[in-house]
Amino acid sequence: MVILEDNKKVIFSGIQPSGDLTLGNYLGAIKNWVKLQDEYECYFCVVDLHAITVKQEPKDLRRRTLELLAIYLAAGIDPEKNTMFIQSHVPAHSEAAWLLTCSTYMGELSRMTQYKVKSQNSAGSIGAGLLIYPVLMASDILLYQSNLVPVGKDQLQHLEIARDIAERFNKTYSDTFVIPEPYIGKAGAKVMDLQEPAKKMSKSGENVNGFILIMDPPEVIRKKVNRAVTDSLGVVKFNDEQLGVRNLMTILMTITGMSIEEIEAKYEGQGYAQFKKDVAEAVVSELEPIQIKIKEYIGKKAYLEEIYKKGAEKANYVANKTLRKMQKKIGFIPR
Ligand code: TYM
């Protein structure tokens, strides 16, 4: 039986199972989800349909999809309180995406920064999925009548287009969708590359020392933080001139809850050695217990299956309700 809580506001968010997750994904998204799960009715999705906008090895996609679910659980997302599911198990996402594609302009899509970057990087032909991708994301969000979408800063543009598409549909066919708002954490909304701190930390980054993976062993994390690019000023200050230091401070703030002032005061006159050591230890102590749990959950295939099947049941029920509404308003004959 599907139980709906009608007094809580709704959250939807998701991550692509397209590569190993980084500290950026964890601090920018998952850590906030954990905080928000009690207050909202949450849908946390493994967005496998999004992952195939670039070529995926089938066996790797299968493995990563389950690993990502294990990561959600290990990080503290409670399957009793939240709906956790795999996007391709809810066909309404694909179907609503087509209906919304017909309410979206080419110009809007081709202006998206992520499309521009990814299409520049792909040698030869560019998959149409890369262009249409934000419409699928809009469909994810709008099908659940989501109020809030917790994401990192890099997804803001996609959220903006989701709002535009929803407003346009509401205007053309009468009120159908809730207009979603982004939720961006106070700190950690954009964790930067440790080697090139003007660039976002990304699982597709070229230099392995630039990113920390959620599954990196403690000694690797310590080495990467120790090698992180800083500057020759030797002062721990939060400003635009010291991008490397600022990034490490952001990581420390997000994990420990310390303020900028507290961090600046603590390391005054000390250079970078102790500061970097403390950043590394903060990351290790945050990730190590999660890593142990991830390994445990990955081994529990039947438990994971139970969760994603139960999640899909509820997600299908809710998403289909919205999809039927869309179809009716567009003028399709009811089935
Ligand atoms: P994805 O899979 O690239 O990233 C997942 C989440 O991690 C955040 N993130 C970061 N946050 C801070 N610093 C970083 N360096 C960093 N790198 C990644 C992202 O902002 C994101 O929140 N299109 C989305 C997935 C998606 C989605 C949705 C999200 C599909 N449908 C509906 C929300 C709602 C994506 O590619 O995220």
**Report entry** Positive dipole terminus of the range 208-294, leading residue within Leu252, Val284, Gly234 (C-beta point charges)
**Finding:** Val284
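Please report the net charge: other residues with Cβ closer than 14 Å to the Cβ of Gln56, K and R +1, D and E -1.
Net charge in that neighbourhood comes out at +1.
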**Report entry** Share antiparallel - DSSP beta bridges, the chain, percent rounded to 5
**Finding:** 10
**Report entry** Cα gyration tensor of the range 208-294 - equivalent ellipsoid semi-axes, whole Å, descending
**Finding:** 23, 14, 10
Query raised in the report: Tell me, Kirkwood radius of the range 158-230 from alpha-carbon pair distances, in Å?
Result: 15.2
Requested in this report: Please give the residues of the range 108-147, grouped as numeric ranges, whose backbone N is less than 16 Å from a label point set 7 Å along the Cα-to-Cβ vector of Glu160.
Outcome: 108-117, 134-135, 138
Query raised in the report: Using the per-residue mean of other Cβ atoms lying within 10 Å as a proxy for protection, in what order, highest first, do the peptides 69-75, 16-22, 56-62 fall?
Result: 69-75, 16-22, 56-62
Requested in this report: List the pair-distance distribution P(r) of the range 1-97, using every Cα-Cα distance, as the percent of pairs falling in each 10 Å bin from 0 up to the bin containing the longest distance, rounded to whole percents.
Outcome: 14, 47, 33, 6, 0
Report task. Give, as ranges by residue number, the residues of the range 155-196 whose backbone N falls under 15 Å from the point 7 Å along Cα→Cβ of Arg227. Result -> 193-196
Requested in this report: Please give the length that would be gained between Ser285 and Val34 if that part of the chain were fully extended, namely 0.36 nm times their separation in residues minus their C-alpha to C-alpha distance (nm, one decimal).
Outcome: 88.6 nm
**Report entry** Neighbour-limited loop hits for trypsin sites (Lys or Arg not before Pro), the range 88-147 (at most 12 other Cβ within 10 Å; DSSP other than H, G, I, E, B)
**Finding:** Arg111
Query raised in the report: Using mean Cβ contacts within 10 Å as the protection proxy, how do 91-103, 261-273 order, highest first?
Result: 91-103, 261-273
**Report entry** Pairwise label distance in nanometres, Gln274 with Leu61, each label 7 Å out on the Cα-Cβ vector
**Finding:** 5.1
**Report entry** J(HN,Hα) series, the range 320-326, from Karplus relation 6.51 cos²θ - 1.76 cosθ + 1.60, nearest Hz, glycine and proline x
**Finding:** 5, 4, 5, 4, 4, 4, 4
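Assuming R0 = 35 Å, can you tell me the calculated FRET efficiency for the pair Gln120 and Asn7, based on Cβ-Cβ distance, to the nearest 0.05? Walk me through the intermediate numbers first.
Numbers: r = 46 Å, r/R0 = 1.32.
According to the calculation, E is roughly 0.15.
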Query raised in the report: Across 20 Å bins from the origin, how do the percents of Cα pairs in the chain run, short distances first?
Result: 30, 56, 14, 0
Query raised in the report: When N counts the residues of the range 246-334, how does its alpha-carbon radius of gyration compare numerically with 2.2 N^0.38 Å, as a ratio?
Result: 1.96
Query - the range 208-294 - charge dipole about Cα centre, Lys and Arg +1 at Cβ, Asp and Glu -1, debye rounded to 20 - result: 320
Query - Net dipole in debye of the chain [+1 Lys, Arg Cβ; -1 Asp, Glu Cβ; about Cα centre; nearest 20] - result: 920
Requested in this report: Consider just the alpha-carbon atoms of the range 164-321 and return their Rg together with their Dmax, both in angstrom.
Outcome: 20.9, 63
Query raised in the report: About its Cα centre, what dipole magnitude does the range 73-181 give when the only charges are +1 on Lys and Arg Cβ and -1 on Asp and Glu Cβ, stated in debye to the nearest 20?
Result: 360
Query raised in the report: Using 1/(1 + (r/R0)^6) with R0 = 45 angstrom and r between the beta carbons of Ile330 and Lys186, what's the FRET efficiency to the nearest 0.05?
Result: 0.65
Report summary line: Calculated from DSSP helices alone, with each H run of at least 4 adding -39500 (n - 2.57) and the total divided by the residues of the chain, [θ]222 nm to the nearest 500 comes to -16500 deg cm²/dmol
Query raised in the report: Measuring with a 1.4 Å probe in the full set of protein chains, what accessible area per residue, in whole Å², belongs to the range 208-294?
Result: 48
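Which pairs break 30 Å Cα to Cα here: Lys190/Lys293; Lys153/Lys293; Lys118/Lys190; Lys81/Lys200; Lys118/Lys309; Lys9/Lys266? Before the final figure, lay out each step's value.
On the way: Lys190/Lys293 26 Å; Lys153/Lys293 28 Å; Lys118/Lys190 19 Å; Lys81/Lys200 32 Å; Lys118/Lys309 33 Å; Lys9/Lys266 40 Å.
Cα-Cα > 30 Å for Lys81/Lys200; Lys118/Lys309; Lys9/Lys266; rest within.
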Requested in this report: Report the extension gain between Thr172 and Lys300 in nm, rounded to one decimal, defined as 0.36 nm multiplied by the number of residues separating them, less their alpha carbon distance.
Outcome: 41.4 nm
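Let me check I've understood the local charge: for Ile255, count other residues with C-beta under 9 angstrom from its C-beta, Lys and Arg +1, Asp and Glu -1. What total comes out?
Every neighbour counted, the sum reads 0.
The values are calculated or read from the model by the stated rules, or taken from the named source; none is laboratory data. On a predicted model such as this, the values are computed, not experimentally measured, just so you know. A quick note on method: Cβ atoms are made from the backbone with ideal geometry, for glycine too, and the neighbour counts reach across all protein chains shown. We work out accessible area using only protein heavy atoms, side chains counted, and drop any ligands, DNA or RNA first. Shrake-Rupley method; radii C 1.70, N 1.55, O 1.52, S 1.80 Å.
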